[in-house]
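**Student:** Provided herewith is a single structure, encoded as C-alpha cells, for subsequent inquiry.
The values are calculated or read from the model by the stated rules, or taken from the named source; none is laboratory data. The model shown is predicted, which means the values in this text are computed figures rather than measured ones. Here the Cβ positions follow ideal geometry from the backbone for every residue, glycine too, while neighbour counts run over all protein chains shown.
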Amino acid sequence: MDLKIGSKLLGLRKKKGLTQDQLAERLGVSAPAVSKWETDTSYPDITLLGPLARALDTNVDTILQFEETLSDAQAVEKINTIVETTLKDGVESSERMLDELLHEFPNSVALKFNASVALDAFQMFFPTADDEAKKRWAARKKYLITEVHASGNGAYWQLATLQLANIAIKEERLDEAEQLLKTLPEHGADSTFAWSLLYLKKGEPLEALKTTQKRLYVLVRQAQSCLTTMLNPEVISDNGLQLEICETYKALDLLFGLGGMYDGMFLEVYLRMHRLEDAADYLDRYVDALLSEITLPKRNLFAPGLDIKESPASSRKELRKLLLKGLEEEPQYEELLNHPKGRKAVEKLKESLS
C-alpha cells in the first residue's frame with residue numbers, strides 16, 4: 001500500500017494546535033502510534049478515520065486524498081508569509097515552513113514556482129550564509145523549476161523555461177541554455193489590453209485601471225533591470241555612457257517613486273573612474289538614503305492596482321548591513337574608506353546599526 005498521508009496529518013494537527021499526545025488521547029491510541037502515522041511508517045486503522053477526521057476538523061476524503069486544491073493566489077499568499085518569516089525569525093524557520101508546505105501540496109505547480117522565488121529571497125536576505133546552504137537552495141530551486149517546466153502548465157511554462165535557461169547559463173551549459181531560449185515565443189503574450197477592454201465592456205473601469213497599473217509597474221521595473229544590466233562594465237565599458245545610464249535610472253526612479261536607491265550606482269561608476277571625491281559624495285548620499293524612509297511608488301500612478309505599503313524598518317537595516325559588509329570586505333573600496341568623507345559615511349552607517 002503506497003499511501004502517503006503523514007505530512008497531511010502533521011499539518012492538520014499543527015493547524016488544530018494539538019500535540020501528538022493530545023491527539024492520541026482523543027483517539028484512544030498511543031502517541032508513538034500518531035508519530036508513526038505522521039512519518040508514514042504505519043497507517044491509522046480504518047475504524048479510526050472518522051474519529052481522526054473529526055478530531056482534526058476535516059473529513060476522511062481530505063485525509064485520504066492528501067492534497068487539497070490550492071489556487072495561484074493562495075500559493076502566492078503562503079509563500080509571501082514564508083518570506084516575511086525569513087526577515088523576522090531567520091532562514092531555518094522559513095525552510096521548515098517551505099518543506100512542510102511543499103509536502104502538503106506536492107502537485108501544485110503555482111506553489112513550486114513561487115517556492116523557487118522564496119529560495120531566491122533566501123539568497124538575497126542571507127548573502128553571508130555558508131556554501132552548503134547556498135548550494136542546497138540552488139539545487140532545490142533547480143529541482144522545483146524543472147518540475148514546473150515538465151508540467152507544461154501554461155501559466156508558468158514560459159517563466160520556468162527562462163529560469164532554466166538562466167540556471168544553464170550560470171552552470172555554463174550554454175548549448176542547453178540556447179535551446180531553451182529558442183523554445184520561447186519571440187514576444188510573450190501580454191494580456192493587459194485584453195483584460196482592460198473586457199473589464200470596460202463589463203462596466204468595471206476600476207478593475208481595468210488596476211490591471212493596467214500592475215502591468216505598468218512590471219514594465220518600469222523591467223526597464224530598470226535592463227539599465228542595471230547595462231551598468232556591468234563587461235557590457236558597456238564607456239564610463240561616460242554609464243553615467244548617462246545612471247541618470248536615466250534616477251529619472252525613472254524619481255518619476256515613478258521606486259525606492260531612491262540610485263546613489264549606489266553613481267558610487268560604483270565614479271569609483272571605476274577613480275574620481276574619489278565624487279565617489280565619496282555619492283557614498284554619503286547613499287547612506288543618507290538608507291537612513292531615511294524609502295520612497296514609495298506614486299499612488300496616483302499605481303494605486304489601487306498595487307497595495308502600497310511602507311517597507312519594514314528591518315529590511316532597510318538589512319540593506320545597511322549588506323552595504324557595510326561590502327565596504328569593509330571588498331578591496332576596491334579600500335581607497336574610498338581612507339577618504340575623509342568616505343570614513344565619515346561609514347561611521348554614520350555603523351552608528352545606525354549599533
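**Student:** If we scan the stretch 35-49, do we find a residue that is in contact with a Gly (Cβ under 6 Å, 6 or more places away or on another chain), outside any helix (DSSP H, G or I) and over 30 Å from Ala121 (Cα atoms)?
**Tutor:** Looking for residues that are in contact with a Gly (Cβ under 6 Å, 6 or more places away or on another chain), outside any helix (DSSP H, G or I) and over 30 Å from Ala121 (Cα atoms), one finds at least one in the stretch 35-49, hence yes.
**Student:** Give me the pairs, please: first residue somewhere in the stretch 35-48 and under 16 Å from Glu25 (Cα atoms), second residue anywhere and exposed (fewer than 14 other Cβ atoms within 10 Å of the Cβ), beta-carbon distance under 7 Å, and either six or more positions apart or on two chains.
**Tutor:** The qualifying pairs are Lys36/Ser42.
Table: residues versus (1) surrounded by 12 or more Cβ atoms within 10 Å (Cβ to Cβ); (2) assigned by TED's automatic domain parsing to the domain that holds Arg316; (3) touching a Phe, Trp or Tyr at 6+ places or on another chain (Cβ under 6 Å); (4) not in a helix (DSSP H, G or I).
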position	(1), (2), (3), (4)
Thr211	yes, yes, yes, no
Thr229	no, yes, no, no
Gly240	no, yes, no, no
Ile245	yes, yes, no, no
Ala251	no, yes, no, no
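**Student:** For the stretch 242-283, enumerate the residues that are of a type in the set (Asp, Glu) and more than 29 Å from the chain's Cα centre (by Cα).
**Tutor:** Result: Glu244, Glu277, Asp278, Asp281.
**Student:** Another question, then. Conditions first: (1) within 26 Å of Gly154 (Cα to Cα); (2) modelled with pLDDT of 85 or more. Phe105 passes all but one, so which condition is the exception?
**Tutor:** (2)
**Student:** Only one residue in Ala303, Ala280 is surrounded by 15 or more Cβ atoms within 10 Å (Cβ to Cβ), among the small types (Gly, Ala, Ser) and under 22 Å from Leu353 (Cβ atoms). Which one?
**Tutor:** Sole residue among the options that is surrounded by 15 or more Cβ atoms within 10 Å (Cβ to Cβ), among the small types (Gly, Ala, Ser) and under 22 Å from Leu353 (Cβ atoms): Ala280.
**Student:** Glu268 - would you say it is in a loop (DSSP other than H, G, I, E, B), among the acidic types (Asp, Glu) and assigned by TED's automatic domain parsing to the domain that holds Leu322?
**Tutor:** no
**Student:** Let me ask something else. On the basis of being buried (at least 16 other Cβ atoms within 10 Å of the Cβ) and touching a residue at least 12 places away in the same chain (Cβ under 8 Å), does Met265 make the cut?
**Tutor:** Considered against the rule, which asks whether it is buried (at least 16 other Cβ atoms within 10 Å of the Cβ) and touching a residue at least 12 places away in the same chain (Cβ under 8 Å), Met265 comes out as yes.
**Student:** Looking at Ala73, Ala115, Ala110, Ala53, which is the one that is in contact with a Phe, Trp or Tyr (Cβ under 8 Å, 6 or more places away or on another chain) and either among the polar types (S, T, N, Q) or in a helix (DSSP H, G or I) (or both)?
**Tutor:** Ala110
**Student:** Now a separate question. Filtering the stretch 162-194 down to residues that are of a type in the set (Gly, Ala, Ser) and farther than 22 Å from Leu119 by Cβ, which residue is surrounded by the fewest Cβ atoms within 10 Å (Cβ to Cβ)?
**Tutor:** Going through the qualifying residues, I end up with Ala189.
**Student:** Determine which member of the set Ala115, Ala73 is surrounded by fewer than 13 Cβ atoms within 10 Å (Cβ to Cβ) and within 18 Å of Leu159 (Cβ to Cβ).
**Tutor:** Ala73
**Student:** Next up: Among the residues of the stretch 1-34 satisfying the criterion of being part of a helix (DSSP H, G or I) and of a type in the set (Asp, Glu), which is farthest from Arg96 (Cα to Cα)?
**Tutor:** Across the stretch 1-34, the extreme among qualifying residues is Glu25.
**Student:** Going through the stretch 162-195 one residue at a time, which ones are free of Cβ contacts under 8 Å to residues at least 12 places away in the same chain and part of a loop (DSSP other than H, G, I, E, B)?
**Tutor:** The answer is Glu171, Glu172, Arg173, Glu186, His187, Ala189, Ser191.
**Student:** Continuing with this model, one more query. Just the residues that are aromatic (Phe, Trp, Tyr), surrounded by 15 or more Cβ atoms within 10 Å (Cβ to Cβ) and assigned to a helix (DSSP H, G or I), please, taken from the stretch 129-161.
**Tutor:** Trp137, Trp157
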